[in-house]
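Readers should treat all values here as calculations from the given coordinates under stated rules, not as data from a laboratory. This is a predicted model, so every value here is computed, not measured. Here the Cβ is made from the backbone with ideal geometry for all residues, glycine too, and neighbour counts use every protein chain on show.
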Amino acid sequence: MSISSPTPKMIAAKDGAIGWMIFNNPERLNAVSLDMWQAVPEILSAFEHDDEIRVIVLKGAGDRAFVAGADISQFGESRSSAEGILAYETATEIAFDGISNASKPTIAMIDGYCIGGGLGIALSCDLRIAADGSTFGIPAAKLGLAYGAGGTGRLVHVVGPSFAKEIFYTARRFTCDEALAMGLVNRVTTKEALENFTRDYCTTIAENAPLTVGTAKQVVDEFTKAPGNFDAAKCDALIARCFASDDYKEGRAAFMEKRKPVFKGK
């Protein structure tokens, strides 16, 4: 059963105990545009208020990508000025936090590219189930932008600081086997079996006591909160410095011109 969505590039559907959130931009490998980010909390709210929905599954349309990051074609208009960057980053953080703070269990069903902001979406979920052949990465260092502190923290909590640094430093693509070894994904199955495998997991979770599952989610999440001496202002300043840099302009230009960027650390 379809549920109303503010944009056709996001599909919301209910199937028994499962609420499906589908990133529907397959011609751009489900890259997320601003209107798609803004639709996420609205869809989540509908799922939260439906007592029949016990598990929320996020997936990408088509068979090539979960989400291949933010829609970089919008960067010139949405992320070129300080005001645009702030508005865009606010929308993404609201989306990430909405997924992360959902009261119901969330699963990212990953088939194909799971890159940048797409990996941020997957990390905001409680569990990640992937098909063989899926690839993962955060190419921020190739673009000169900075990954948000919230998303960085979620990555650290999932894979630990050493693997998180490797993912950021190299900005390379990681295979499904590498992702499983790092703990970046919970389970790997074949492309053909992915949906049924995920549905079986949802059935298992849905048949368990909702209050117990919900309590476990919240208590585990309490243990992942940053300690009281976390310097949020320092992190925000470092991130803002990246977005204000010449390297960020060069990274955007090189991406659009399909050439290798030349960074100068300024």
Notebook entry, point to check: Nearest 0.05, what FRET efficiency do Lys249 and Glu27 give at R0 = 35 Å with Cβ-Cβ as r?
Noted result: 0.85
Item checked: For the chain, average projected area of the Cα convex hull in nm² -> 13.8 nm²
Notebook entry, point to check: What spacing in nm lies between the two simple spin-label points modelled at Asp15 and Asn196, each 7 Å away from Cα in the Cβ direction?
Noted result: 1.3 nm
Checklist line | Potential extension, Thr212-Ala46 segment - 0.36 nm per residue separation minus Cα distance | finding: 57.6 nm
Check: Within the chain, what's the longest stretch lacking GluC sites (Glu not before Pro) that sit in DSSP loops with no more than 15 other Cβ atoms inside 10 Å?
Finding: 53-191
Item checked: Lys165-Ala233 FRET efficiency (beta carbon distance; Förster radius 25 Å; 0.05 resolution) -> 0.65
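With 10 angstrom as the radius, rank Leu145, Leu127, Leu119 by how many other C-beta atoms surround their C-beta, starting from the fewest.
Fewest to most other Cβ atoms nearby, the residues stand as Leu127, Leu145, Leu119.
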Next item on the list: Among Ile53, Ile138, Ile115, determine the one that fluctuates most according to a GNM of the chain built with springs between C-alpha atoms less than 10 Å apart.
Entry: Ile53
Item checked: Relative contact order for the chain, counting Cα pairs under 8 Å that sit 6 or more residues apart, in percent -> 17 percent
Checklist line | Charge dipole magnitude, Cβ of K and R +1, D and E -1 - segment 1-150, Cα centre, debye nearest 20 | finding: 340 debye
Notebook entry, point to check: Can you pull out the trypsin sites (Lys or Arg not before Pro) in segment 180-253 that DSSP calls coil and that have at most 12 other Cβ atoms within 10 Å?
Noted result: Lys225
Item checked: Label-point separation in nm, Arg173 to Arg64, each point 7 Å along Cα→Cβ -> 1.2 nm
Checklist line | Residue (of Cys176, Pro227, Leu127) at the positive-pole extreme of the chain, dipole from beta-carbon charges | finding: Cys176
Item checked: Neighbour-limited loop hits for chymotrypsin sites (Phe, Trp or Tyr not before Pro), segment 211-245 (at most 16 other Cβ within 10 Å; DSSP other than H, G, I, E, B) -> Phe230
Note to self: Using only the alpha-carbon atoms, how far is helix 194-206 inclined from the longest principal axis of the chain? Give it as 0 to 90 degrees, nearest 10.
What the structure shows: 60 degrees
Notebook entry, point to check: Rounded, prolate or oblate: which one fits segment 186-251, using the alpha carbon gyration tensor with axes a ≥ b ≥ c (rounded when a/c is under 1.5, else prolate when a/b beats b/c, else oblate)?
Noted result: oblate
Checklist line | Angle between the chain longest axis and helix 232-243 axis [Cα atoms, degrees, rounded to 10] | finding: 60 degrees
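How high is the FRET efficiency between Met1 and Ala181 when r is their beta carbon distance and R₀ equals 41 Å, given to the nearest 0.05?
Between Met1 and Ala181 the formula returns 0.60.
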Next item on the list: Taking the chain as the reference, fit the longest principal axis to its C-alpha atoms, fit the long axis of helix 149-159 to the helix C-alpha atoms, and give the angle between the two in degrees, 0 to 90, nearest 10.
Entry: 60 degrees
Notebook entry, point to check: Counting other C-beta atoms within 10 Å, which of Cys125, Cys235 has the fewest, and how do the rest follow?
Noted result: Cys235, Cys125
